[in-house]
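> Handing you a structure now.
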Amino acid sequence: MNAASPRGKIQADLFAEAASNADAPQSLREAREAAATCRRCHLWEYATQTVFGEGPGSATVVFVGEQPGDQEDLAGKPFVGPAGKMFDAVLEDADFDRKKTYVTNAVKHFKFEPRGRKRIHSKPNAGEIQACHWWLHSELKLIKPELAVALGATAAQSLLGRAIPVTKLRGTTVEREDGLKIFVTVHPSYLLRIPDEVAKQAERRRFLDDMRKVKKLAGM
């Protein structure tokens, strides 16, 4: 853990259900198959499909985003849309092999508002995040990573069980009660929303620095 990072004891209440559930999946393949018919919240009714995590079960680092977007919902894969392309480009600049990491989302179904032919992203609420936490906890329990990266506020809330000031804690790690270290940073979609090109490039460099920190913390 980064010596300069804040430490916190996180309440374990949010993790109790998955930890005590006798029906918890025994492999990522089993978890993915079970998640395909998930009905833990209402979002499945509108999404095309469940978008589960992707990557090796032996991954040292797990990246956690918010939820699948329009392209992810159609493809059934995480981080393949514009934010995913930005994410991949920054990882490449950091000499960080995404294929050696596990990439997933706090919420596994696309939440959106229809506007004509377009589907506009809608932020998951606390109930939806908590309902889907069972799957994220299962992924982490099966993978046992050394580090989880919270990409944005929704991911941080799901991983830590409470809302935190991402801007204030960005670039630092928070240790959960179970010992898992959570590195806090922004979601790559944030970079895409910055209208000023100079500011956008500055934030991209900062995000690149965050990815280099993650790589160093994970010993990769």
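The values are calculated or read from the model by the stated rules, or taken from the named source; none is laboratory data. Keep in mind that this is a model prediction, so the values were computed, not measured. With ideal geometry, Cβ positions are generated from the backbone for all residues, glycine too; neighbour counts draw on all protein chains shown. Protein only, heavy atoms only, side chains kept; ligands, DNA and RNA dropped before computing areas. Shrake-Rupley method; radii C 1.70, N 1.55, O 1.52, S 1.80 Å.
> Report the one residue of 172, 136, 156 whose Cα lies farthest in the direction of the positive end of the charge dipole of the chain (charges on C-beta: Lys and Arg +1, Asp and Glu -1; origin at the Cα centre).
It is 172.
> To continue, here is another question. Share of region 61-220's accessible area from carbon and sulfur, percent, 1.4 Å? Before the final figure, lay out each step's value.
On the way: 3750 of 7190 Å².
Of all accessible area on region 61-220, carbon and sulfur atoms account for 52 percent.
> I want to verify the translational diffusion coefficient of the chain in µm²/s; compute it with Stokes-Einstein, Rh as the Kirkwood radius over Cα pairs, at 37 °C and 0.692 mPa s. Write down the numbers at each step before the final one.
Numbers: Rh = 17.5 Å.
The Stokes-Einstein estimate is 187 µm²/s.
> Turning to a different aspect of this structure: From the backbone phi of region 138-149, what are the Karplus-calculated ³J(HN,Hα) couplings (6.51 cos²θ - 1.76 cosθ + 1.60, θ = phi - 60°) in whole Hz, Gly and Pro given as x?
Per residue, the Karplus-derived 3J(HN,Hα) values read 4, 4, 5, 5, 6, 7, 6, x, 7, 8, 10, 10 Hz.
> Per DSSP H run of n ≥ 4, the term is -39500 (n - 2.57); total these for the chain, divide by its residue number, and report the mean residue ellipticity at 222 nm rounded to 500 deg cm²/dmol.
The per-residue figure over the chain is -11500 deg cm²/dmol.
> Amide H to amide H, which residues 5 or more places from residue 48 or on other chains are under 5 Å from it, using H placed in the peptide plane?
When sequence neighbours closer than 5 places are left aside, the close amide H contacts are 110.
> Give the Rg/Rh ratio for region 13-137, taking Rg as the radius of gyration of the Cα atoms and Rh as the Kirkwood radius, to two decimals.
Expressed as Rg/Rh, it is 0.97.
> If I model a spin label as a point 7 Å beyond the Cα along the Cα-Cβ vector, how far apart are those points for residue 100 and residue 200 in nm?
For residue 100 paired with residue 200, the spin-label model returns 3.1 nm.
> Within region 104-220, what percent of beta bridges assigned by DSSP are antiparallel, to the nearest 5? Write out the running numbers ahead of the final one.
On the way: 7 of 12 bridges.
In region 104-220, DSSP labels about 60 percent of beta bridges as antiparallel.
> For region 206-220, what does the Karplus curve 6.51 cos²θ - 1.76 cosθ + 1.60, with θ = phi - 60°, yield as ³J(HN,Hα) per residue in whole Hz, taken in order and with x for Gly and Pro?
Values per residue, Gly and Pro as x: 5, 5, 4, 4, 4, 5, 5, 5, 4, 4, 5, 4, 8, x, 9 Hz.
> Further question: Report, in listed order, any pair from 123/216; 168/216; 144/216; 77/168; 111/141; 144/168 with a Cα-Cα distance greater than 29 Å. Working shown, then result.
Working: 123/216 31 Å; 168/216 21 Å; 144/216 18 Å; 77/168 31 Å; 111/141 26 Å; 144/168 27 Å.
The answer is 123/216; 77/168.
> Under a 5 Å amide H to amide H cut-off, with H placed in plane at 1.01 Å, what residues pair with residue 175 once short-range neighbours are removed?
8, 182
> Also, quick follow-up: Per the Debye formula with a single identical scatterer at each Cα and no solvent contribution, what log10 I(q)/I(0) holds for region 78-207 at q = 0.13, 0.20 Å⁻¹?
Debye output, listed in q order: -0.59, -1.40.
> Same structure, new question: Find, among the trypsin sites (Lys or Arg not before Pro) in region 67-117, those assigned to loop by DSSP (not H, G, I, E, B) with at most 14 other beta-carbon atoms within 10 angstrom.
Sites meeting the loop and neighbour criteria: 117.
> So what's region 125-185 giving for Cα Rg divided by 2.2 N^0.38 Å, two decimals?
1.05
> Follow-up question, since we're still on this one. Determine the per residue accessible area of the chain with all protein chains present and a 1.4 angstrom probe, expressed in square angstrom.
I get 50 Å² per residue for the chain.
> Out of 104, 49, 122, whose Cα points farthest toward the positive end of the dipole of the chain (charges: +1 Lys, Arg; -1 Asp, Glu; placed on Cβ)?
122
> Grab the beta carbon distance between residue 163 and residue 121, set R0 = 22 Å, and tell me the FRET efficiency rounded to 0.05.
Efficiency at R0 = 22 Å is approximately 0.70.
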